[in-house]
Amino acid sequence: MIKVNKQVKRYDLAIVGPLGKIKFLLECKSFNEAINDKVYQQIGNYNLELEADYIGLTNGIIHQFLETNRETKSFVFLDEFPNL
């Protein structure tokens, strides 16, 4: 659980490295829910707090993986699951 905008939120899945840093953060949605700007905003807000190296979004049909750039606070789309 994390605090986002003073509200306690729950993320779906995190892969943690050997030093306790979150390497990968995954947001899972229902198969009938679109991966849209709202979902990107949600995981982006979570990642401002968690600072994962990579994030993923899935609704079980569509899977998207992104690498984070902390300097620009932006994401780069990846063609496949990242090599953690």
Worksheet item: In a shell of Cβ-Cβ distance under 14 Å around N69, excluding N69 itself, what net charge do Lys and Arg (+1) and Asp and Glu (-1) give?
Response: -2
Worksheet item: Could you give the length gained on full extension between K23 and R70, defined as 0.36 nm per residue of separation minus the Cα-Cα distance, in nm?
Response: 15.6 nm
Worksheet item: Between exposed GluC sites (Glu not before Pro) in the chain, where DSSP calls loop and at most 16 other Cβ atoms lie within 10 Å, what's the longest gap?
Response: 1-32
Practice prompt. Springs between alpha-carbon atoms under 10 Å, Gaussian network over the chain: tell me which of N47, N36, N69 tops the mean-square fluctuations.
Written response: N36
Fill in: Whole-Hz ³J(HN,Hα) from phi, Karplus 6.51 cos²θ - 1.76 cosθ + 1.60, for segment 38-51, glycine and proline x
4, 5, 4, 5, 4, 6, x, 5, 4, 6, 4, 7, 8, 6
Worksheet item: At a Förster radius of 22 Å, what calculated FRET efficiency corresponds to the Cβ-Cβ distance of K9 and E80, to the nearest 0.05?
Response: 0.20
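Every number here is computed from the coordinates shown, using simple stated rules; none is lab data. Only a predicted model underlies this, so the values are computations on that prediction, with no experimental measurement involved. Here the Cβ is made from the backbone with ideal geometry for all residues, glycine too, and neighbour counts use every protein chain on show.
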